[in-house]
Amino acid sequence: MKRLSGRRVVVTGGAEGIGAAIVRVFAAEGATVAILDRCGEEAALLAAEVGGYACVVDLSDVAATREAMEKALGRLGGIDVLVNNAGARRFAPLLEMEAAELGQAFATPAQCMLIAIQAAAWAMIGMRAPAEDCAGKVINVASAGGPASGGQAHYAAAKAAVTALTRVAAHELGPHGITVNCLCPGYLLDRAEVAPRGTRELDTWSVLSPLGRLGAPQDVARAALFLASSDSDYLTGDSLDIAGGMVLR
């Protein structure tokens, strides 16, 4: 039996990269997936590929995100798993940043994650049967490397907010049978990035991992599958590094 048979899943930021890898792995394991993303064409093509649904939305827009979640839950007939993957990376030297820039970076992902969690949690609580141990699962995607890298103050602060939000949500939603965990990917490589980056740069990063290679979106997707399955029912409030040993705590 497939590990996610019958599960209804929403993936924000699911049209490309890590999000798309999660969508494909979850669908292959029997889940029905709704993709929320601003990249409409990519989301529609992926939804058609996996037999899911696509909703075009600017996830930095609070009202639009709330409306998109409601539509997705309606199409799915409920929700069992929420994957919050939306986010954007910015680069700027710390001493050259404007204070307003830091605040803007929190709109996505932390703000849209909050809206998505609220909508999903209310739905999960409403459909929970008294005998069920786990009413639903929330998986937030943050970062293992952002806080340790230069020139990424926007990104690091926003991702740190995601891990903090994860812990608070786990505490508050746990009594309702909802688990909330966080995935923290390290330096990942998509095949499309190989040529632009060059083999020298890739080799430099690869040696930092005890495994001798960089990660791929599929590595994160497989970890997300564990958190979405019943195998992780007693795991909540945790942050899991997917960094090939580059980040050891």
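The values are calculated or read from the model by the stated rules, or taken from the named source; none is laboratory data. Since we're looking at a predicted model, the values are computed, not measured. Reconstructed Cβ throughout: ideal geometry from the backbone, glycine too, with neighbour counts over all protein chains shown.
Across segment 43-63, the number of residues qualifying as surrounded by fewer than 22 Cβ atoms within 10 Å (Cβ to Cβ), modelled with pLDDT under 95 and aliphatic (A, V, I, L, M) comes to 2. Of the numbered criteria (1) modelled with pLDDT of 95 or more; (2) surrounded by 18 or more Cβ atoms within 10 Å (Cβ to Cβ), the one ASP238 fails is (2).
Residue check: is TYR187 among the aromatic types (Phe, Trp, Tyr), modelled with pLDDT of 70 or more and out of contact with any helix residue (DSSP H, G or I) (no Cβ under 9 Å at 6 or more places or on another chain)? When the stated conditions are applied, TYR187 does not pass them. Counting only helices (runs of 4 or more DSSP H) that sit wholly inside segment 1-85, those with at least 3 residues that are more than 17 Å from the chain's Cα centre (by Cα) are 40-50, 62-76.
With respect to THR32, determine if the residue is of a type in the set (S, T, N, Q), over 17 Å from ALA121 (Cβ atoms) and modelled with pLDDT of 95 or more.
Against the criterion (of a type in the set (S, T, N, Q), over 17 Å from ALA121 (Cβ atoms) and modelled with pLDDT of 95 or more), THR32 qualifies.
Could you tell me whether segment 89-96 includes any residue that is surrounded by fewer than 15 Cβ atoms within 10 Å (Cβ to Cβ), under 16 Å from the mean Cα position of the chain (by Cα) and at pLDDT below 95?
There is at least one residue in segment 89-96 that is surrounded by fewer than 15 Cβ atoms within 10 Å (Cβ to Cβ), under 16 Å from the mean Cα position of the chain (by Cα) and at pLDDT below 95.
Scanning segment 204-216 finds no residues that are at pLDDT 95 or above, surrounded by 17 or more Cβ atoms within 10 Å (Cβ to Cβ) and of a type outside the set (Lys, Arg). When ALA123, ALA221, ALA192, ALA158 are checked against the criterion of being part of a helix (DSSP H, G or I) and modelled with pLDDT under 75, a single residue qualifies: ALA192. Could you say which residue among SER143, SER149 is at pLDDT 80 or above, touching a Phe, Trp or Tyr at 6+ places or on another chain (Cβ under 9 Å) and either of a type in the set (Ser, Thr, Tyr) or farther than 27 Å from GLY245 by Cα (or both)? From the options SER143, SER149, the qualifying one is SER143.
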